[in-house]
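The values are calculated or read from the model by the stated rules, or taken from the named source; none is laboratory data. This is a predicted model, so every value here is computed, not measured. Glycine also receives a Cβ, built like all others from the backbone with ideal geometry; neighbour counts cover every protein chain displayed. Remember, those area values only see protein heavy atoms, side chains included, never the ligands or the DNA or RNA. Shrake-Rupley method; radii C 1.70, N 1.55, O 1.52, S 1.80 Å.
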Amino acid sequence: MTEKRKLCYAIDNCEHQDEIFCVGASITLNRKILGAFSVSVPEYRITDSFRNKIIQLVKQCKADIISNL
């Protein structure tokens with residue numbers, strides 16, 4: 001869990017649901033979790049480039065949400 005906190009996101013690579021890749025992030029302010037969101041994509045659509053783009057966008061979205069709180 002500590003590693004995921006450092007990354008600011010978590011990945012579910014078909015562990016919870018077969019054939020579904022997911023990247024999620026929590027919205028945390030002052031050490032209080034206010035919510036969370038995720039992006040799910042069928043595994044067959046995932047390439048290294050697309051995976052990295054999803055992670056980048058999730059991190060940016062998280063930062064944008066927090067900056068508007």
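Scanning region 1-24 for residues that are modelled with pLDDT of 85 or more and either in a helix (DSSP H, G or I) or open to solvent by less than 100 Å² (accessible area, probe 1.4 Å) (or both) yields a total of 11. Among the residues of region 22-69, the one identified as among the hydroxyl-bearing types (S, T, Y), touching a Cys at 6+ places or on another chain (Cβ under 7 Å) and more than 11 Å from Y9 (Cα to Cα) is S40.
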